[in-house]
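The values are calculated or read from the model by the stated rules, or taken from the named source; none is laboratory data. None of these values were measured; they are calculated from a predicted model. Here Cβ is always computed from backbone atoms with ideal geometry, including for glycine, and neighbour counts include all displayed protein chains. The accessibility values were calculated without ligands, DNA or RNA, using every heavy atom of the protein model including side chains. Shrake-Rupley method; radii C 1.70, N 1.55, O 1.52, S 1.80 Å.
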Amino acid sequence: MARCCPAAVAALLLCLSAGLCGASKIGICYGRNADDLPTPDKVAQLVKLRGIKYVRIYDSNIQVLKAFANTDVELMIGVSNLDLLPFAQYQSNADSWVKNNILPYYPATKITYITVGAEVTETPGNASGLVVPAMVNVQAALKKVALHKRITVSSTHSLGILSRSFPPSAGAFNSKFAYFLKPMLEFLVENQSPFMVDIYPYYAYRDSSLNVSLDYALFRPSSAEVIDPNTGLVYTNMFDAQLDALYFALMALNYKTLKIMVTESGWPSKGSPKETAATPDNAQTYNTNLIRHVINDTGTPVKPGEEIDTYIFSLFNENRKPGLESERNWGIFFPDQTSVYSLDFTGRGNVDIITGANITTSNGTWCVASSSASELDLQNALDWACGSGNVDCSAIQPSQPCFQPDTLSSHASYAFNSYYQQNGATDVACSFGGTGLKTTKNPIGKDHNTFKASTISNTTERPPPLHGFTVSNTGEKHNQVPRCLSKSQSHVVPESTTDCLGYDQCIYMTTGSKMSSSNSTAAANSATGLSVALSNALWPLLLMMFSSLVRIKA
């Protein structure tokens, strides 16, 4: 058995108890290839209003840098492909750029990354040979002003840098790029920089819809899982498969620990007549599921639990971009700053207090399990909702407030409706591969916390479910703690209460989310409950670790 390091265990406990554990970041790409966009000042206000903390721009525009000063938003700026030649040729050009475009604005403007070139292997004339010399000069310029440890230098790539990407285990870099890849990878490792890549499952689906299912591309639950024949790893979405192809390509060159950052990913909301998948619903579904997948630190089958910082493309529709109609419609906002569709960057839906199965909406609709769905499909959809779907399912575990009635359909309806309400109560949010059913009839029982058994025909008793653990075996940490709350009371019911009968709501307090002052007591108890839950889950693990350590020393 492997040795267990007490210091590592102590660090883990400190991390969990103090809330210091790292988590993947979600940012947004702010492209400006348009003639109708709001001014940078207004854009900075919009970004702050929407709670977006990480922004990528493709140049070092002074007006944008000034606009984001003192906003606490972290900026990724860029050296364009057109500037690669002068930057690669002369150190003085890189020195002047840092002096004129960074020093006057830093640190008021929090510049954290510089991308030197963007998808250079896709550009006419292929300037890839200039990238590493330019990166080296930019790094040297930063070192001269003592910013080389505060601002990270890298370059972005498309998946076209791979010659093979399927199955993921066969992922390999195109040999024609070997001349610049090796020195680039060495630069990244030496400077602790991430390998940056732009990933677009949309294009894989659009260009091969007969071989790629839409559910697979959108992170939606589906029976169409993909199994890598070489590794046996199971893939439930295209994003993970594409990322793992890159991981395998890096591992083949013995770069096993190099971090990957996704600098672009998204879905268009509108396209040409042949681009039928480019719709607002699909764009909302993809980006919502992507955000949840990332902030959960789900990782990939090859790298479970891996942090993968990701930037959504893009902030605005850009009317001057050439190509098909979809190229001008990747934005989550129109130029007038209204939303193309609703998108929550926290990954926790659009509400602060999630009332479990008893969520109502302005249009009075709910999402329940379809009576015609098979138990296998229903179980798969339930497992997805409680896992990748980011629904907190702790309340439908044995002895918890909403466990009864203990039926597959009741538990699925609870999870389906929670996901549905958190995601704007749209039709697509109640799909679940055809196992969800939208209804206007309130399915809540008279105790106000469980679904009426009469509304659901699948009532077969089953063993206690395995979904929704507080701490799962993939390392996913749920930060929601169930409590029962009376409408007439502002206090939390004592923890000895095992059900919500006689109470009005089975609620979930999301730690870290915005709450009204009337719920401050409940929020404090929720945070305490989370700490207890984590401690209870960790003690058996720690005892095993220390027991093994004692045996080893003995």
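Could you tell me how far the Cα centroid of segment 140-165 sits from the Cα centroid of segment 82-107, in Å? Taking the Cα centre of each part, segment 82-107 and segment 140-165 sit 15 Å apart.
For segment 366-439, the share of accessible area belonging to carbon and sulfur comes to 49 percent (1.4 Å probe, ligands and nucleic acids excluded). Each Lys and Arg Cβ is given +1 and each Asp and Glu Cβ -1; about its Cα centre, segment 144-191 then shows a dipole of about 120 debye. Look at where the Cα atoms of segment 171-236 and of segment 254-297 average out, and the two centres are 12 Å apart.
In the structure shown, the pairs Lys42/Lys144; Lys25/Lys303; Lys110/Lys321 are assessed against 25 Å; a Cα-Cα span above that value is assigned to Lys42/Lys144; Lys110/Lys321. If we count every other residue with Cβ under 14 angstrom of Ser96's Cβ, Lys/Arg +1 and Asp/Glu -1, where does the sum land? Summing Lys and Arg as +1 and Asp and Glu as -1 gives 0. The orientation-averaged projection of the convex hull spanning the C-alpha atoms of segment 22-333 amounts to 15.6 square nanometres.
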